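Below is one structure, written out as structure tokens; the observations come after it.
The values are calculated or read from the model by the stated rules, or taken from the named source; none is laboratory data. Model, not experiment: these values are computed from the prediction. The protein model used for the area step is the full one, side chains on, heavy atoms only, and it has no ligands, DNA or RNA in it. Shrake-Rupley method; radii C 1.70, N 1.55, O 1.52, S 1.80 Å.
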Amino acid sequence: ALTQYINSTGDTAFLKDIWPNVMASLKRIMKQKDPDGDKLLYWHLGCNGFLYQSDLLGMPGKSASPSIMTSGMMEKLSNFAKILGKDKDAEWLKNTSSETKSALLMNLWNNAEGCFYNHIDLQNIPHMAHYYSDHIFSTLYSSIDTFMNWQSLYYLKKTLIEKDLNGNPSLMRVGNLQGSHFGNDNVMPTQMAETARAFYKIGDKDQATLLLQSVGRAGTIFTDAPGNFPEQ
């Protein structure tokens, strides 16, 4: 939200006012969520700042989605630091972003499947992703290689996008954990809209548009409160 605001308004005065707090927050995140200093962020404990389902799942270990988002965020902020003349901050942000991205690609990319693992647990065992965010965050929020983003999205397309019981196309489950964990068996319009943005970004306008059509259907048919539907 901060980078979008600055890019839209050019309000660097606002950025200058909050910059000390931004840097303090980022350094605290890295201290708390990367206790061993390998630049891969943990899911467990206090991770709701990244993803709402993480604390509920309670999965310890080094994880893809928070690491992807933090790396991308720091890369963008390093450019803003240069604008403010904060050269030391810019260097720290750029280096931390680069190191996190390198650790991600080395440890959490599943080359055989063409997607990111969800996390590596405390026994150093990698676990496949079960939630849509692991497949779209690299496209929307980072500068990870475009071909890898394409692979991630088509893994999502293969595993989470399907027709509904009436044969209508491109309803997306948000995950494939068994049972009703975090709405995996529900239609969730906001998550489909975010995924549509990712497909538009890689140029797959057909899949993206089908998802947006399903967003409309989900918000007007598969809901108890169509008046509360924001995505329309």
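Values computed for the structure shown
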item	result
Under-5 Å amide H pairs with M128, H placed in peptide plane, nonlocal only	N118
Area of T96 that stays accessible when all protein chains are in place (1.4 Å probe, Å², to 10)	10 Å²
Built amide H within the under 5 Å cut-off of C115, gap 5+	N110
Too-long pairs where the Cα-Cα distance tops 28 Å, listed order kept, from K62/K82; K31/K201; K39/K86; K62/K94; K27/K157; K16/K62	K62/K82; K31/K201; K27/K157; K16/K62
For I83, solvent-accessible area (1.4 Å; no DNA, RNA or ligand), Å²	110 Å²
Residues of the range 81-171: accessible area per residue with a 1.4 Å probe, Å²	51 Å²
Hz values of 3J(HN,Hα) by residue in the range 25-36 - Karplus curve (6.51, -1.76, 1.60), Gly and Pro given as x	5, 5, 5, 5, 4, 5, 5, 7, 9, 10, x, 9
Rounded to whole Hz, the Karplus (6.51, -1.76, 1.60) HN-Hα couplings of the range 15-22, x for glycine and proline	4, 5, 5, 9, 4, x, 5, 4
The range 60-169, accessible surface, carbon-and-sulfur percent (1.4 angstrom probe)	52 percent
Heavy-atom SASA rank of L77, L84, L212 (probe 1.4 Å, accessible area, largest first)	L212, L84, L77
